[in-house]
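Below you'll find the structure, written out as structure tokens, and then a few comments.
The values are calculated or read from the model by the stated rules, or taken from the named source; none is laboratory data. In this text the structure is predicted, and so the values were computed from the model without any measurement. Note: ideal-geometry Cβ built from the backbone for every residue, glycine included; neighbour counts use all protein chains shown.
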Amino acid sequence: MAPLQLTGQVLDVRRAGMYTVLSLTAPGLAERTKPGHFLNIGIGGEESGLLLRRAFAIYQVQSRGVYGGSVDIVVGVHGKGTQWLADRRRHDNLSIVGPLGKPFTLPKDPANCILVGGGYGTAPLFMLADQLRERGCRVDVVAGAATEEKLFGTLEIKRAASTLTVTTEDGSMGVQGRVTDVLDDVITKTKADVIYACGPMGMLAAVANVAAARGVYSQCSVEESMACGIGVCMTCVLPVIGDDGVTRMVRSCVEGPVFRGDQVRWSDVGTVPVDTLGAPTGGH
Amino acid sequence: MSRALITSGPAGSAVHLPAVDMSTSIGDFETPMPVFTASGCAAAGKELDQFFDITHIGGIVTKSVMMNARSGRATPRMAETPSGMLNSIGLQGPGIDAFIDHDLAWLRQRGARTVVSIAGGSVEEYGKLAAKLRNVDGISAIEVNISCPNVEDRGQVFACDPNSAAQVIQAVKRNSDTKVPIIAKLSPDVTNIVTIAQAVERAGADAVAVINTTLGMVIDLETMRPALAGITGGLSGPAIRPMAVRCVWQIHQALPNLPILGMGGIRNGEDALQFILAGASAVSVGTVTFHDPSAPMRVQDELEVALALRGFTTLREAIGYAHRGPDVPEIAEEQE
Ligand SMILES: Cc1cc2nc3c(=O)[nH]c(=O)nc-3n(C[C@H](O)[C@H](O)[C@H](O)COP(=O)(O)O)c2cc1C
Ligand code: FES
């Protein structure tokens, strides 16, 4: 289904650790949204000097209610644009485009699934956990961040998971270390068939490696910087191996953000590997 | 046309305006509508068609395509700047054959007017691209992106040298269908853009597209290195609009009969009107599409209102209107 372009009104703004959760009216969005979809939001109003929209994983959607549907996103402040968003108040209007991108694919038959979230990367995993459980899947969650306040929604996600393992690099909550320090164990204990992950690139690379080493299928939702989010600018590319074995620079906004963990060339992200289709040849 | 435009006047009252004839031409390419996408800001139209009906605007200008598939440059490929952005994509694309078979075929089947943008690393490559497009249906015009390094001339950009620019246009002209207008896309990064416009006109260009991005750079203060993997990038968006309007003005003043496709930071209908008044026959909307995916359609609707509000009944009357002589004061003389 085609994405919508609409004006959403801020229904609620709440703080969650380091993050701000925005609820926005968005009639029609819920019906189109699958776990892993994202949306993007215009910054600073019509005359804004910040032209590029900011992308957010869709955290929650409600299809009914007085507003004819709403959507929640989790905002982490990285710069001026996200700061402006975090400063919004009830009744402010925001320009929304979504849902965008390729969502997670769900197993046809009940399977044992591990969901790994880094920082606010847990945001798209709530909807995913619910839908997996509806299909009779077992869901175990691993959530990690540098510090406790950089974790998002750990209390809440516990309800949807058989087990929750938390890691923090400073040991302020859960196991001290990184998600990959515990992942091997969780795979063994849960006899995992599938791993879904969302978080920073470094974490995704490490998770995909563990999954590959253990022969577990994995899907990772990447975070690349995007100018348009709709597939027209070619800024958001990364090297991905196609089903035909050929590496291409593919757009993470339309062919992703969810990719198979074994198809992204993680160690080559940020470069154009020499065997990429159309890579510059020596000489010029 | 018996449509009427409705816009909101002071205090939100509805104002009814007569519809404006928006038709225009770029050389022999006659189009009922004057607003186009900009090359590299609309891919090949398919994605934007989800947001507005691409057959309702002037047309789609496709991403510059080269002979062979290209991976483009490493990331980061962009940096946001005040009222604009830098990009360094490196002409990622499928190559001309795949482009004709897939993208162009889709546009033709969709019924969208299409301007195909081509780019080459040598004069010969441009000629070959033109030959590939000859006898291919569904091409309204060819835009020649000459802001590319010439591999045979130490990477000197074609658009920055009148002779190289002219050679490219001659090669394209020689190899293409005579019925398809050739639009030379100029770079603002030159001492005198009129010299380049004159050179490409003499070489046979039917029109010029003005302007491509201007070279810029951002240093990332975290890494204390260039923000883009390509080090420099093309600056676009409203930040470059005054520069673009100036270029259109200068070319129209020197070459009033050379049609201009104007672009650079167009955000709304009034911005587009500035380009028309400066001498553009049609406009492209680029970077602002990233901010508002329906921008080309919206700008076109707003342009019609902006023209109507100023009493124009046709777009053609407004082309170059800012160049007219001093307004003669109206003297209330009784005519005998
Ligand atoms: C991401 C991006 C990619 C572009 N790619 C091309 C291209 O392939 N060929 C070309 O002639 N111009 C290209 N341009 C330049 C635009 O077509 C246009 O000339 C310029 O951006 C000024 O217009 P704007 O400010 O409305 O974007 C590109 C611009 C951007 C922002
Ligand atoms: S962000 Fe523009 S193509 Fe992906």
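If we scan region B:129-145, do we find a residue that is in contact with a Pro (Cβ under 7 Å, 6 or more places away or on another chain) and of a type outside the set (A, V, I, L, M, F, W, C)? There is no residue in region B:129-145 that is in contact with a Pro (Cβ under 7 Å, 6 or more places away or on another chain) and of a type outside the set (A, V, I, L, M, F, W, C).
If I go through region B:18-46 residue by residue, how many of them are crowded, with 22+ Cβ neighbours inside 10 Å, assigned to a loop (DSSP other than H, G, I, E, B) and within 14 Å of chain A (Cβ to nearest Cβ)? The total comes to 8.
The residue pairs whose first member lies in region A:235-258 and is more than 22 Å from B:Gly234 (Cα to Cα) and within 13 Å of another protein chain (Cβ to nearest Cβ), whose second member is within 16 Å of ligand 1 (Cβ to nearest atom) and among the polar types (S, T, N, Q), and whose beta carbons are closer than 8 Å, counting only pairs six or more residues apart or on different chains, are A:Arg248/B:Ser71. Hey, does region B:279-301 have a residue that's part of a helix (DSSP H, G or I) and touching a Cys at 6+ places or on another chain (Cβ under 6 Å)? Scanning region B:279-301, I find at least one residue that is part of a helix (DSSP H, G or I) and touching a Cys at 6+ places or on another chain (Cβ under 6 Å), so the answer is yes.
Number of residues in region A:84-114 that are in a helix (DSSP H, G or I) and more than 14 Å from every other protein chain (Cβ to nearest Cβ) equals 2. Candidates in region B:95-131 are the residues that are among the small types (Gly, Ala, Ser) and not in a helix (DSSP H, G or I); of these, the one that is farthest from ligand 1 (Cβ to nearest atom) is B:Gly111. Looking at B:Ile96, is it within 14 Å of chain A (Cβ to nearest Cβ) and either closer than 27 Å to A:Val250 by Cβ or within 16 Å of ligand 2 (Cβ to nearest atom) (or both)? Yes, satisfied. Annotation note: Cβ proximity below 6 Å between a residue of region B:85-105 that is aromatic (Phe, Trp, Tyr) and a residue that is at pLDDT 95 or above and buried (at least 20 other Cβ atoms within 10 Å of the Cβ) (sequence gap 6+ or interchain) occurs for B:Phe99/B:Val65.
Scanning region A:167-190 for residues that are in contact (Cβ under 8 Å) with a residue 24 or more places away in the chain and within 14 Å of chain B (Cβ to nearest Cβ) turns up nothing. Restricting attention to region A:199-215, does a residue exist that is surrounded by 24 or more Cβ atoms within 10 Å (Cβ to Cβ), more than 15 Å from ligand 2 (Cβ to nearest atom) and either within 8 Å of chain B (Cβ to nearest Cβ) or more than 15 Å from A:Ser267 (Cα to Cα) (or both)? Within region A:199-215, one or more residues are surrounded by 24 or more Cβ atoms within 10 Å (Cβ to Cβ), more than 15 Å from ligand 2 (Cβ to nearest atom) and either within 8 Å of chain B (Cβ to nearest Cβ) or more than 15 Å from A:Ser267 (Cα to Cα) (or both). The set of residues in region B:289-328 being away from chain A (no Cβ under 14 Å), among the hydroxyl-bearing types (Ser, Thr, Tyr) and under 17 Å from B:Met263 (Cβ atoms) is empty.
Looking only at region A:245-268, decide whether some residue is within 15 Å of ligand 2 (Cβ to nearest atom) and acidic (Asp, Glu). Yes, because at least one residue in region A:245-268 is within 15 Å of ligand 2 (Cβ to nearest atom) and acidic (Asp, Glu). Within region B:70-89, restricting attention to residues that are more than 8 Å from every other protein chain (Cβ to nearest Cβ) and small (Gly, Ala, Ser), the residue that is farthest from ligand 1 (Cβ to nearest atom) is B:Ala79. What is the number of the single condition among (1) more than 26 Å from A:Val207 (Cβ to Cβ); (2) part of a loop (DSSP other than H, G, I, E, B); (3) not hydrophobic (A, V, I, L, M, F, W, C) that A:Glu31 does not meet? Here A:Glu31 clears every test but (2). Per the conditions (1) away from ligand 1 (no atom under 14 Å from the Cβ); (2) in contact (Cβ under 8 Å) with a residue 40 or more places away in the chain; (3) within 14 Å of chain A (Cβ to nearest Cβ), the sole criterion not satisfied by B:Leu221 is (2). Return the residue satisfying two criteria in turn: it lies in region A:44-75 and is in a strand (DSSP E or B) and hydrophobic (A, V, I, L, M, F, W, C), and of such residues it is nearest to the other protein chains (Cβ to nearest Cβ). Once the filter is applied, the top-ranked residue is A:Ala55. Scanning region A:259-268 for residues that are in contact with a helix residue (DSSP H, G or I) (Cβ under 6 Å, 6 or more places away or on another chain) and either within 12 Å of another protein chain (Cβ to nearest Cβ) or among the acidic types (Asp, Glu) (or both) turns up just one, A:Asp262.
Of the residues B:Ile276, B:Ile251, the single one that is farther than 20 Å from B:Val200 by Cα, outside any strand (DSSP E or B) and either touching a Gly at 6+ places or on another chain (Cβ under 8 Å) or within 16 Å of ligand 2 (Cβ to nearest atom) (or both) is B:Ile276.
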